[in-house]
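Remarks on the structure that follows.
Values in this text are rule-based calculations from the coordinates and carry no lab data. Just so you know, these numbers come straight off a predicted model, no measurement behind them. Here Cβ is always computed from backbone atoms with ideal geometry, including for glycine, and neighbour counts include all displayed protein chains.
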Amino acid sequence: MEYEIIIRMLIAVSLGFFIGLERQWHNCIAGLRTNILMRCFFCRNISLISIL
């Protein structure tokens, strides 16, 4: 159970990194940090909902 949450967080961070990197490359408003943080918060919320 704990490993599943850690794996989900790592996937969320890596996807947020690549999406944010692409957006920062094209000079969009939401860049690298914003996308990584958003993905982490969404993953955390979904993990908490699935536990409950």
Next on the checklist: Per 0.36 nm of contour for each residue apart, how much would the distance between Phe17 and Glu2 grow if the chain were fully extended, relative to their Cα-Cα spacing?
Outcome noted: 3.1 nm
Checklist entry - Among 43-49, 29-35, what's the highest-first ranking by average C-beta atoms within 10 angstrom per residue? => result 29-35, 43-49
Checklist entry - In percent, how large is the relative contact order of the chain, given Cα pairs closer than 8 Å and 6 or more residues apart? => result 36 percent
Item to check | Scattering curve values for region 2-51, log₁₀ I(q)/I(0), Debye with Cα scatterers, q = 0.15, 0.21, 0.26 Å⁻¹ | outcome: -0.40, -0.65, -0.85
